[in-house]
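Below is one structure, written out as structure tokens, with a few remarks after it.
The values are calculated or read from the model by the stated rules, or taken from the named source; none is laboratory data. Worth saying up front: this structure is predicted, and the values here are computed from it rather than measured. Cβ sites come from the backbone with ideal geometry, for glycine too, and all protein chains shown count toward neighbours.
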């Protein structure tokens, strides 16, 4: 299992949006924009479901996911790959609902997607692009 470094965490926290990729059981891809989420630990990220439909359907068939995060100012970026699970109640869901309500009161959280990160790859321009972090 890969660990989020402080540098990767910084990019995640600074980013204004992420690209979240799933695939169905036949490998047909789906990518959605994510505006709400946070780092939970060195090996987990939480995304908040506000509009997910096909994404949730895919996760029931295939929990393997990828998340692309980037900082447009520094051009630093990373791709996180792992396994996801969905929660629609509990402490993390309650936290997510409060986060969404405080930022955009007209929206409502439907659930959270917790990603257990297995691999992290550099997507920043330069000689390390494509490199897997330990």
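For the stretch 85-98, the criterion of a residue being touching a strand residue (DSSP E or B) at 6+ places or on another chain (Cβ under 8 Å), surrounded by 15 or more Cβ atoms within 10 Å (Cβ to Cβ), in a loop (DSSP other than H, G, I, E, B) and modelled with pLDDT of 95 or more is satisfied by no position.
Could you go through the stretch 115-126 and let me know if any residue there is part of a helix (DSSP H, G or I), loosely packed, with under 13 Cβ neighbours inside 10 Å and over 16 Å from the mean Cα position of the chain (by Cα).
Step one: list which residues in the stretch 115-126 are part of a helix (DSSP H, G or I), which gives none.
Looking for residues that are part of a helix (DSSP H, G or I), loosely packed, with under 13 Cβ neighbours inside 10 Å and over 16 Å from the mean Cα position of the chain (by Cα), one finds none in the stretch 115-126, hence no.
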